[in-house]
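Visitor: Following this message is one structure expressed as structure tokens.
The values are calculated or read from the model by the stated rules, or taken from the named source; none is laboratory data. Predicted model, so just to flag it, every value in this text is computed and none were measured. Cβ placement follows ideal geometry from the backbone for every residue including glycine, while neighbour counts extend to all protein chains displayed.
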Amino acid sequence: MTQQTLMNTLEAIDRANQADPNTEQVDGQQLPREYAYSLHMTRWLFALEPEPSERMQIACRAQHLERWTMPRSDYGEGRKNYYQWRLACGRMHGRRAAEIMAECGYPQEECERVETIITKRKLREDEDTQLLEDVACMVFLERYFAGFFEDNPDFDKEKWLRIVRRTWDKMSPRAHEAALKLAEGMPAHLLELLQEALAEPES
């Protein structure tokens, strides 16, 4: 497709995410939260893959497309309900991304391909899906890990070690290398947690 088709698609995704009523501070600016998240995803995509495909640029921009419309509170407490929510979100993000792509002129095959990437149905089997997961993990570690830690003081150390190990296990060697560099700038307590998690495999 043409560069203009890509730009139109990214702009349409941005407009959708800019409707998020929740905000996040980025470089002193209050931005709609999911719009800010999409920019973090795009930045890390180019950090890990300097010349990403059009489909990956779209998938990363749409990773949390309109997520506020499907709040976590709509699902019950507990790990099982959390994963049901995550799966439902992935299906919704993929469907909406495909719809926007079709409206902007992408062929059905490309729309379906991006939908498959976003739903992560073929994680580890598909290079694009793995790259999306790598980018998402890097964004989490850089932007949200510290806040998530502070927001959950009731989690014991073993639970934090499991969270770190499971995040690490989803990442490729390329992302591991980037994460280790990123960790050098983490607060001491998070760096210590990461080092301990990686030193002792989960039993």
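Visitor: Check off (1) farther than 19 Å from Glu115 by Cβ; (2) in contact (Cβ under 8 Å) with a residue 60 or more places away in the chain for Arg55 and give me the number that stays unchecked.
Guide: (1)
Visitor: Moving on to the next point. Name the residues in segment 168-198 that are within 17 Å of the chain's Cα centre (by Cα) and under 15 Å from Phe145 (Cα atoms), would you? Working first, answer last.
Guide: Quick first cut of segment 168-198, residues within 17 Å of the chain's Cα centre (by Cα) only: 168-172, 174-176, 178-179, 182.
Result: Trp168, Ala179, Leu182.
Visitor: In this structure, does Leu65 turn out to be assigned by TED's automatic domain parsing to the domain that holds Gly185 and closer than 30 Å to Leu180 by Cα? Can you show your working first?
Guide: Values: assigned by TED's automatic domain parsing to the domain that holds Gly185: no; closer than 30 Å to Leu180 by Cα: yes.
Answer is no for this residue.
Visitor: Sort out which residues of segment 61-92 are touching an Asp or Glu at 6+ places or on another chain (Cβ under 7 Å) and among the aromatic types (Phe, Trp, Tyr), and write them in order of number.
Guide: Answer for segment 61-92, where residues must be touching an Asp or Glu at 6+ places or on another chain (Cβ under 7 Å) and among the aromatic types (Phe, Trp, Tyr): just Trp68.
Visitor: For segment 152-195, give me the residue count where each residue is more than 19 Å from Trp44 (Cα to Cα) and outside any helix (DSSP H, G or I).
Guide: 6
Visitor: What are the pairs with Cβ atoms under 6 angstrom where one residue, in segment 24-47, is more than 22 Å from Ala179 (Cα to Cα) and the other, located anywhere, is part of a helix (DSSP H, G or I)? Sequence gap at least six, or different chains.
Guide: Sorted first by the residue in segment 24-47, then by its partner, the pairs are Glu24/Arg33; Glu24/Ala36; Glu34/Asn17; Glu34/Arg67; Tyr35/Asn17.
Quick grid of which residues meet (1) under 15 Å from the mean Cα position of the chain (by Cα); (2) β-branched (Val, Ile, Thr); (3) exposed (fewer than 15 other Cβ atoms within 10 Å of the Cβ); (4) in the same structural domain as Gln4 (by TED's automatic domain parsing):
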| site | (1), (2), (3), (4) |
| --- | --- |
| Val26 | no, yes, no, yes |
| Gln30 | no, no, yes, yes |
| Arg33 | yes, no, no, yes |
| Arg72 | no, no, yes, yes |
| Ala97 | yes, no, no, yes |
| Cys111 | no, no, no, yes |
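Visitor: Another question about this same structure. Restricting the search to segment 117-139, which residues are surrounded by fewer than 16 Cβ atoms within 10 Å (Cβ to Cβ) and assigned to a helix (DSSP H, G or I)?
Guide: Glu127
Visitor: Of a type in the set (D, E, K, R), over 29 Å from Asp128 (Cα atoms) and surrounded by fewer than 17 Cβ atoms within 10 Å (Cβ to Cβ): which single residue out of Lys170, Lys159 fits that description? Quick ask: steps written out before the conclusion?
Guide: Details: Lys170 fails: over 29 Å from Asp128 (Cα atoms).
After ruling out the rest, the residue left standing is Lys159.
Visitor: Do you know which of the residues in segment 49-70 that are over 14 Å from the mean Cα position of the chain (by Cα) and of a type outside the set (S, T, N, Q) is surrounded by the most Cβ atoms within 10 Å (Cβ to Cβ)?
Guide: Arg55
Visitor: Looking at segment 136-167, which of its residues are more than 18 Å from Gly185 (Cα to Cα) and within 18 Å of the chain's Cα centre (by Cα)? It would help to see each step written out before you state the result.
Guide: Start the filter on segment 136-167 by keeping residues that are more than 18 Å from Gly185 (Cα to Cα), which leaves 136, 151-163, 165-167.
If the condition is that a residue be more than 18 Å from Gly185 (Cα to Cα) and within 18 Å of the chain's Cα centre (by Cα), then Ala136, Ile163, Arg165, Arg166, Thr167 are the ones that fit.
Visitor: Across segment 1-29, what is the number of residues that are assigned to a strand (DSSP E or B) and out of contact with any strand residue (DSSP E or B) (no Cβ under 9 Å at 6 or more places or on another chain)?
Guide: 2
Visitor: Within segment 156-176, does at least one residue satisfy the condition of being closer than 30 Å to Leu6 by Cα and touching a residue at least 60 places away in the same chain (Cβ under 8 Å)?
Guide: Yes, some residue in segment 156-176 is closer than 30 Å to Leu6 by Cα and touching a residue at least 60 places away in the same chain (Cβ under 8 Å).
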